[in-house]
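Chemist: Let me begin by handing over the structure; questions about it come next.
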Amino acid sequence: MATRKSHKIDRIDLKILSALQEQGRMSNLELAAKPGLSASPSHSRHRALERSKVIQGYRADIDLSKLTDYVEILSFVTLHKHGRTQQGQFERLIERTPQAIACYQISGNFDYIVHFVCRSVGDYVELHHSLIEEEPNIASVTTNVIMAETKKFAGYPLKELVEPVEQAKE
């Protein structure tokens, strides 16, 4: 969660980013049409956004339910000790756990929220036990099974979050 702006974008870049969030596989010509550019300037801006790491990558949006049965779980984790070393050990453990698809360090009653995807609740229970055995600094885990996804992440609300800089007169 970044708290600093390091890259300023204008309204054209914002339109390019919004279009790519909606459909990351569009052709350069289709992308250029969104902000009303020709192909070459659109391509240059697109590449500049990639080089500056504003665009961090591209991936497929997979419908896992068409491939297998699964369960998603949110685990709220509290650690015994909160030093950098102990937090780093926990974070590395989660990084090495393929079923952990997201992890957030949070404030409040818990230290982390970990989002897991497993074949079954039974598989999660086995994973839960193995993680606790491997990381003795885990003090407690509160587990919540996700019953249904009511809103799917479809990209950041750029229009509401980003204040574009004024475009330079050409």
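The values are calculated or read from the model by the stated rules, or taken from the named source; none is laboratory data. Being a predicted model, the structure only gives us computed values, none of them experimental. Note that each Cβ is placed from the backbone with ideal geometry, even for glycine, and that neighbours are counted across all protein chains shown. Accessible surface is based on the protein model in full, side chains and every heavy atom, while ligands, DNA and RNA are left aside. Shrake-Rupley method; radii C 1.70, N 1.55, O 1.52, S 1.80 Å.
Chemist: Specify which of the listed residues (Leu67, Leu37, Leu49) is closer than 28 Å to Ile101 by Cα and touching a residue at least 12 places away in the same chain (Cβ under 8 Å).
Modeler: Leu49
Chemist: Answer with yes or no whether Glu95 is out of contact with any Lys or Arg (no Cβ under 8 Å at 6 or more places or on another chain), touching a residue at least 60 places away in the same chain (Cβ under 8 Å) and open to solvent by 80 Å² or more (accessible area, probe 1.4 Å).
Modeler: no
Chemist: With the requirement that a residue be among the charged types (D, E, K, R) and part of a helix (DSSP H, G or I), what does segment 40-63 give you?
Modeler: Arg45, Arg47, Glu50, Arg51
Chemist: Considering only residues of segment 13-39 that are outside any loop (DSSP other than H, G, I, E, B) and more than 24 Å from the chain's Cα centre (by Cα), which is surrounded by the fewest Cβ atoms within 10 Å (Cβ to Cβ)?
Modeler: Selected residue: Leu29.
Chemist: So, in segment 98-142, how many residues would count as being without any contact (Cβ under 8 Å) to a residue 12 or more places away in the chain, aliphatic (A, V, I, L, M) and within 23 Å of Lys81 (Cα to Cα)?
Modeler: 2
Chemist: Among (1) of a type in the set (S, T, N, Q); (2) open to solvent by less than 80 Å² (accessible area, probe 1.4 Å); (3) under 30 Å from Glu133 (Cβ atoms), where does Ser107 come up short?
Modeler: Evaluating Ser107 over (1) of a type in the set (S, T, N, Q); (2) open to solvent by less than 80 Å² (accessible area, probe 1.4 Å); (3) under 30 Å from Glu133 (Cβ atoms) leaves (2) as the failure.
Residue-by-condition table, conditions (1) open to solvent by less than 70 Å² (accessible area, probe 1.4 Å); (2) out of contact with any Asp or Glu (no Cβ under 7 Å at 6 or more places or on another chain); (3) not β-branched (Val, Ile, Thr):
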{"residue": "Gln56", "(1), (2), (3)": "no, yes, yes"}
{"residue": "Ala60", "(1), (2), (3)": "no, yes, yes"}
{"residue": "Glu72", "(1), (2), (3)": "yes, yes, yes"}
{"residue": "His80", "(1), (2), (3)": "no, yes, yes"}
{"residue": "Ala102", "(1), (2), (3)": "yes, yes, yes"}
{"residue": "Val145", "(1), (2), (3)": "yes, yes, no"}
{"residue": "Phe153", "(1), (2), (3)": "no, yes, yes"}
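Chemist: When only residues in segment 96-154 that are charged (D, E, K, R), within 19 Å of Leu67 (Cβ to Cβ) and part of a loop (DSSP other than H, G, I, E, B) count, which is modelled with the highest pLDDT?
Modeler: Going through the qualifying residues, I end up with Arg119.
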